[in-house]
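Colleague: One structure is given below, represented as structure tokens, and several questions about it will come after.
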Amino acid sequence: MPELPEVEVVRRGLEAHVVGSRIDAVEVLHPRAVRRHLLGGDDLAAQLAGLGVVGASRRGKYLWLELAPGDLAVVVHLGMSGQMLVQPPAAPREKHLRILANLDSGSQLRFVDQRTFGGWALAPIVDVDGTALPEPVAHIARDPLDPLFDADSVVAAIRAKGSEIKRVILDQTVLSGVGNIYADEALWRTGIHGNRPADRLTRPQVRLLLGSVTEVMSEALAQGGTSFDALYVNVNGESGYFDRSLSAYGREDRPCPRCGAPIRREKFMNRSSYSCPKCQPRPRGL
DNA sequence: TATATCTCCTGCGGGC
DNA sequence: TGCCCGCAGGAGATAT
């Protein structure tokens, strides 16, 4: 499941292999992959043809290719299973190939997405607080790896929320890039149960949690991201290794690396949360 | 306005 | 062997 580190690995791959190319032609093979491009797949393909790729950027889990001429970008979200692959034209088409772009370099940029939660959309670049962003990304908060990330104001924003802390750090308008895996890992590192109300945490606790979020995502990035199966790969189709370093996520009944208690799994927001019953006691009353 | 829940989707694994 | 069901989860839409 691509979260910030995985998306950053993909962005770096696109910067190395796609930026500097021109898009010659685009084939949209599944309408859901372009559902956020309101004018449809034919329009997307027609508008992209002939444009040059001049940059690859990211905020949180969104990435985009900056295009020229014109202040346009193709915004990409990988959803749960999206892959951006750079392939030779002779390579066999992937089973879940959704969008195909032929580049003047002779390579193909392929968007492969089994579960079709991801997609592409063409959007204008707008100015948001002095930063140029594609319009669909304008509401997304800065992520912890952003040089302009303001930890003090994010701590205040988190503590102003009445929801549970895990729900708040998954809210991409508060801080971006965090998904279920790294939320569980950061909460485990900090010893905080995800059901604790955000507005009951102290400033030092929230600051520590933000530090853990940054730390765990930086470590994951250094290892090429987290991968559980073939669904997450970089542009060359290679998987990361961080899943071997996870302490809580996906480790139900296995010993907590800190205290040895069996990791528990609980339902939360229609998905699973993993935590240590000793290191992360439930808030009173739950 | 803030918060909570629902929905979309596909492949896999378990149970019968 | 085949069918059914639950599970995985990001984020926009909808409900409270």
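Colleague: Pick from the range A:50-80 the residues that are outside any strand (DSSP E or B), over 12 Å from A:W120 (Cβ atoms) and among the aliphatic types (A, V, I, L, M): which of them is farthest from DNA strand B (Cβ to nearest atom)?
Modeller: Applying the filter and picking the extreme gives A:L51.
Colleague: Right, something else. Residues of the range A:113-132 being under 16 Å from the mean Cα position of the chain (by Cα) and surrounded by 19 or more Cβ atoms within 10 Å (Cβ to Cβ), which ones?
Modeller: A:D113, A:G118, A:G119, A:W120
Colleague: In the set A:R98, A:R110, which member is in contact with a strand residue (DSSP E or B) (Cβ under 7 Å, 6 or more places away or on another chain), charged (D, E, K, R) and within 16 Å of DNA strand C (Cβ to nearest atom)?
Modeller: Exactly one of A:R98, A:R110 is in contact with a strand residue (DSSP E or B) (Cβ under 7 Å, 6 or more places away or on another chain), charged (D, E, K, R) and within 16 Å of DNA strand C (Cβ to nearest atom), namely A:R98.
Colleague: Something else: Which ones in the range A:184-230 are farther than 23 Å from A:I263 by Cβ, at pLDDT below 90 and within 16 Å of DNA strand B (Cβ to nearest atom)?
Modeller: Correct list: A:A230 only.
Colleague: May I pose another question? Could you please find all residues in the range A:9-42 being part of a helix (DSSP H, G or I), under 17 Å from A:G119 (Cβ atoms) and touching a residue at least 60 places away in the same chain (Cβ under 8 Å)?
Modeller: Result: A:V10, A:L14, A:R32, A:A33, A:V34.
The values are calculated or read from the model by the stated rules, or taken from the named source; none is laboratory data. Small disclaimer: the values here were computed from a predicted structure and weren't measured. Glycine also receives a Cβ, built like all others from the backbone with ideal geometry; neighbour counts cover every protein chain displayed.
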